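The values are calculated or read from the model by the stated rules, or taken from the named source; none is laboratory data. Worth saying up front: this structure is predicted, and the values here are computed from it rather than measured. Because the Cβ atoms are built from the backbone with ideal geometry, glycine has one as well, and the counts that use them run over all protein chains shown. Note: accessible area is taken over every heavy atom of the protein model, side chains too, but ligands, DNA and RNA are not part of it. Shrake-Rupley method; radii C 1.70, N 1.55, O 1.52, S 1.80 Å.
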Amino acid sequence: MIVLKGAEVSARIKEEVHKILAGWEKEAPKLAIVRVGENPDDMSYERGAKKKLESFGLRAESCVYPADISDEDFKNEFRKINEDPGVDGILLLRPLPKQICQKDIETMIDPAKDVDGISPVNMAKVFAGDATGFAPCTAEAVVEVLKQKDIPITGKRVVIVGRSMVVGKPLSMLMLKENATVTICHTRTRDLIETCQGAEILVAAAGKAKMLNGEYVAKDAVVVDVGINVDENGKLCGDVDFDSIQEKASMATPVPGGVGAVTTAVLAKHLVLAVAR
Ligand code: NAP
């Protein structure tokens, strides 16, 4: 089985970013990372995103607010960032605390700065197959892995396990745009194993540690693991039981070192596109 390493895909995206930035004379594009509270997962993603952006020659600034900030105060702060001409892109770490109406913020965000595709405008563009918007970075990262590794998508049977608005649903639309035949699975799916066995490309985005083992995987299938979980020993792992698919899959992304590394590279590409557009 060939291991599809995210670092190689990320390096190719970096080349694309540098091509767009060639001859750039202004200050490097700047991303505002908006975080409410001290959630360790958010903070870890924030550190990773900052490191990646800096390594691409881009700027990132954290805008951090207390976990108990009121809805009104947060909206006022968010409006300032949204309208700041010095901010080219915004990454909002979600979910927000319950007292803040997340839907309102998703609607408020300037679609042109919405580099993680959370606004209804960008989501509608993803569903319409209109490439002028921004898709959620993780969903796009899955397609990038396949494309950069020259894995054909057209006509393939793609099965996606997970139907969230962050990964499963937008990814199904991106795959459809690439002319795949897409099946989306979720907790009410009957015969999940048989459905997954029918996949030529299997994408795991369920958020369940090592849930998909070799039994779910057809011979020579390509497996993309979006999951980020912690196993019983406290180690980072995906939704796929990587060891058990070795004899079945032809190629698979590891966790860590797979889709996650590409997600932040896509974020960097979106930031540069936000300015270039
Ligand atoms: P989510 O909102 O919790 O959605 C999980 C989806 O998986 C739901 O649609 C759920 O079905 C389905 N599901 C859960 N258990 C299942 C099961 N036993 N059988 C079939 N379907 C099942 O999660 P998410 O935000 O999409 O994230 C998914 C995973 O990706 C998580 O591990 C997350 O940490 C990771 N992630 C990674 C990145 C990255 O950059 N690599 C970015 C974002 C998220 P129902 O709809 O029926 O509940």
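Scanning segment 138-149 for residues that are over 21 Å from Gln197 (Cβ atoms) and open to solvent by less than 50 Å² (accessible area, probe 1.4 Å), which turns out nearest to the ligand (Cβ to nearest atom)? Only one residue tops the list, namely Thr138. When residues in segment 172-208 are screened for being open to solvent by 10 Å² or more (accessible area, probe 1.4 Å) and near the ligand (Cβ under 8 Å from one of its atoms), 9 of them pass. Every listed requirement among (1) buried (at least 17 other Cβ atoms within 10 Å of the Cβ); (2) more than 16 Å from the ligand (Cβ to nearest atom); (3) not charged (D, E, K, R) is met by Val166 save one, (2).
Within segment 25-38, being out of contact with any helix residue (DSSP H, G or I) (no Cβ under 9 Å at 6 or more places or on another chain) and either over 16 Å from Leu273 (Cα atoms) or surrounded by 15 or more Cβ atoms within 10 Å (Cβ to Cβ) (or both) holds for Gly37, Glu38.
Look through Glu232, Glu215 and report the one residue that is of a type outside the set (A, V, I, L, M, F, W, C), open to solvent by 20 Å² or more (accessible area, probe 1.4 Å) and within 14 Å of the ligand (Cβ to nearest atom).
Details: Glu232 fails: within 14 Å of the ligand (Cβ to nearest atom).
Glu215 is the lone residue from the list that is of a type outside the set (A, V, I, L, M, F, W, C), open to solvent by 20 Å² or more (accessible area, probe 1.4 Å) and within 14 Å of the ligand (Cβ to nearest atom).
Screening segment 86-116 for residues that are assigned to a helix (DSSP H, G or I) and among the hydrophobic types (A, V, I, L, M, F, W, C) and picking the one that is surrounded by the most Cβ atoms within 10 Å (Cβ to Cβ) gives Ile105. Scoring Ala221 on the criteria (1) open to solvent by less than 50 Å² (accessible area, probe 1.4 Å); (2) near the ligand (Cβ under 9 Å from one of its atoms) leaves a single failure, condition (2). Of the residues in segment 56-73, not one is open to solvent by less than 40 Å² (accessible area, probe 1.4 Å) and part of a helix (DSSP H, G or I). Being open to solvent by 50 Å² or more (accessible area, probe 1.4 Å), among the small types (Gly, Ala, Ser) and touching an Asp or Glu at 6+ places or on another chain (Cβ under 9 Å) is not true of Ala131. Entry remark, segment 127-175: residues being assigned to a strand (DSSP E or B) and under 28 Å from Ile109 (Cα atoms) number 0 in total.
Quick one: would you say Ile33 is under 18 Å from Ala141 (Cα atoms), within 16 Å of the ligand (Cβ to nearest atom) and either part of a strand (DSSP E or B) or touching an Asp or Glu at 6+ places or on another chain (Cβ under 8 Å) (or both)? It is false that Ile33 is under 18 Å from Ala141 (Cα atoms), within 16 Å of the ligand (Cβ to nearest atom) and either part of a strand (DSSP E or B) or touching an Asp or Glu at 6+ places or on another chain (Cβ under 8 Å) (or both). Contact map, segment 179-202: residues that are among the polar types (S, T, N, Q) paired with residues that are at pLDDT 95 or above and open to solvent by 30 Å² or more (accessible area, probe 1.4 Å), Cβ distance under 6 Å, separation 6+ or inter-chain. Pairs shown: Asn179/Thr154; Thr181/Arg157.
Taken together, Ile13, Ile81, Ile20 contain a single residue that is assigned to a helix (DSSP H, G or I) and surrounded by fewer than 16 Cβ atoms within 10 Å (Cβ to Cβ), which is Ile20. The single condition from (1) within 26 Å of Tyr45 (Cβ to Cβ); (2) open to solvent by 20 Å² or more (accessible area, probe 1.4 Å) that Pro152 fails is (1).
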